[in-house]
Structure formats: C-alpha cells, structure tokens
Amino acid sequence: WGDRVCVIAMSTVDQENSPSNIRAAVRKLGNGLRVRVAVDRGRQSSERYPVAVRDTAVPRSFIIDAQGRLAWYGHPMDMDPVLESVVAGTWDLQQARECFAKSNAAGRETQRLASRYLEASDRRDLEGILAAAEAVCAYPVDDVRGLSPATWGWWVRVRTLAELGRGAEAEEVANLGMQTAGVADDPGALANMAGALSSSPKGLELAERAIALMREEEAKPANTVWEKYLRDGDKLRYAAIRHQCAAVLAEHARNGEAAELVRQAVEVWPDDKRLLPSRAQLVADLKKYEAAAR
C-alpha cells in the first residue's frame, strides 16, 4: 500500500516479553519487518482493549479510516478485503456497524448457550446438552462465541443424538452440517461428526471428506511469514483430525490407511501430559492398526 496505509504492530509487555526482548526481536528481523512496532507502555492498551471491544483474543487488527474513525476490527486473516474497501473509500461504515451489532448480539446469546451446555454436561443431562447444541446451530458459525471451536454445536448435536439412539436424526444433522457454511469447509468439524457416527456409512463419508479437505489445506502454498506461522500452528490440529478419522476408517476395515494416518500424527504429536489423547495412546493405536492390516 506504500504511503497510503500506515501499519503499526502493538506488542504487549509481560514477564516473558519485556521491552528489551521486543526490541531485540525487531532488530533480528531487520528489513524483513516492514511495519512500525509500538511497545505497550505499562500494559495500558492491553488492559483497555478487552474492556473496549469485549474481546480477549489475539491477534486482532484495527483499521482506522482517513477520517480517524474505527472502521473495523477483527482477526487479521479477515482484514484484506476490508482494507481494500476502506482505502478505496467504498467501505459502508453504517452497514458495518449494523452487522457488528448483530454479530455481537449473537455472540452474547451463544455464550449463554455454551454455559447451558457445560452445566448440562456436568449433570450428564443429554436432553439439556442436545437443547443447547440445537439452539447454537441456529446461529452462523462466524457469530458463535463462548467455546472453541465455534462449530461445537454441530458435532455435539450429532454425538448426543447418537448417544440417545436417534441415529437417523444424527445423520440428518450431519447432512445439514455438510451444507452449512463454516461447518462444511472445516475438516475438524467433519472429523468430530464422523467420530460420532463411526460405524455408519455416513461416518465414513464424513471422515473421507475431512481428510480430503485437510489435505487440500496442507497443499496450499505458505508464502508469507504469517501463512507459515499459521501452517505450523495447524500441525497439531491436523494430527488430531488424522487420529480421529483413522478410528473411523478402522471401523470399516481400512486398517492400512488408518495406520498411515496415525503414523503421520505420531510424527508431530508431542509427549505432553496436558494433551488428550497422549502420545502413548497414539502409538498404541498405530500398533493396533498395523497389526490388523497384516
């Protein structure tokens, strides 16, 4: 954008991220860093940000238009088309404000539904779990707040229907999910639904679709530092998808393919006690699938 856009990166300060560490990192990047870097003084911005926008997630980007107005804020992955419109002078601030208000209202309601789901889960109240999941599925995935991933309502709904012995309804919901924006294109959501229907043909279809989508994502070139960072962060997510889909393939006697998926997952899975399943469990599953494939 040349001199048409001024980009400032704000770096927060904490025990591990001191001003001297920030400056050292900037110096190390040298000419590769084409933005200004601001250091948060006394954590003022860090503490005011979540109060001002009612959000605690990072990273977040803010776009200020030529009139000095906050035109947009959100995840940097979603920023490019907005920035193009703001620079071109075609950004409709009033419409953006209305959409933002609608999304915020949905976010507040889905947060309440997430709390209802967690409370029902603590009680093992399957009907309560199902009611909360059904309600959250009425909202666009992009507007869902409270639990991550935002697709939780879909696979919880499928899993709970299956647990209640309502398999046909579970498959109907899975079919609807495969046509819903934010679910149909998310290999993790499809893998979770596949796990709930693992022994059925629909479960196999979901697993195959999840694997295909995951491989499409992995095949996309990562050209920028940001894209490489995201791709590196996705390795564990993809490993979990592989492990989940492998169990479904094994249910359908495709043990060789299941073993290969888990073998790839084991390569990147850390030996971290906080992670479920453990690396030992993945290794055990790999041996089981390899033995079954012989």
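The values are calculated or read from the model by the stated rules, or taken from the named source; none is laboratory data. Small disclaimer: the values here were computed from a predicted structure and weren't measured. Positions of Cβ are backbone-derived with ideal geometry, glycine not excepted, and every protein chain shown enters the neighbour counts. Note: accessible area is taken over every heavy atom of the protein model, side chains too, but ligands, DNA and RNA are not part of it. Shrake-Rupley method; radii C 1.70, N 1.55, O 1.52, S 1.80 Å.
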Exercise. What is region 14-89 by shape, rounded, prolate or oblate, if you read a ≥ b ≥ c off the alpha carbon gyration tensor as root eigenvalues and call it rounded for a/c under 1.5, prolate for a/b larger than b/c, and oblate otherwise?
Worked result: oblate
Problem set entry | At most 12 other Cβ within 10 Å, DSSP loop - trypsin sites (Lys or Arg not before Pro), region 117-199 | ARG124
Problem set entry | More than 18 Å apart - percent of Cα-Cα pairs taken over region 151-294 | 57
Exercise. So who's got an amide H within less than 5 Å of the one on MET10, skipping anything under 5 residues away but keeping other chains? H placed 1.01 Å off N, in plane.
Worked result: ALA38
Exercise. So for the pair ALA222, GLN95, with labels modelled 7 Å out along Cα→Cβ, what separation do we get in nm?
Worked result: 3.5
Exercise. In terms of the Cα gyration tensor, with a ≥ b ≥ c the square roots of its eigenvalues, is the chain rounded because a/c is under 1.5, prolate because a/b exceeds b/c, or oblate?
Worked result: prolate
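Please identify the trypsin sites (Lys or Arg not before Pro) of region 227-275 that satisfy two criteria: DSSP loop assignment and at most 10 other Cβ atoms within 10 Å. Which are they?
LYS273, ARG274
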For this session: Only loop residues by DSSP count here, and only those with at most 13 other Cβ atoms within 10 Å; note down the GluC sites (Glu not before Pro) in region 1-86 that meet that.
Result: GLU16
Exercise. Between VAL26 and ALA253, what is the spin-label point distance in nm, taking each point 7 Å from the Cα along the Cα→C-beta axis?
Worked result: 6.5
For this session: Report, to the nearest whole %, how much of the accessible area of region 162-294 belongs to carbon and sulfur atoms, 1.4 Å probe, protein only.
Result: 52
Problem set entry | Cβ-derived FRET efficiency at R0 35 Å, VAL7 paired with GLN179, nearest 0.05 | 0.35
Exercise. Per the 1.4 Å probe, what fraction of the accessible area of region 7-149, in percent, lies on carbon and sulfur atoms?
Worked result: 50
Problem set entry | Principal-axis tilt of helix 93-123 within the chain, Cα atoms, nearest 10 degrees | 40
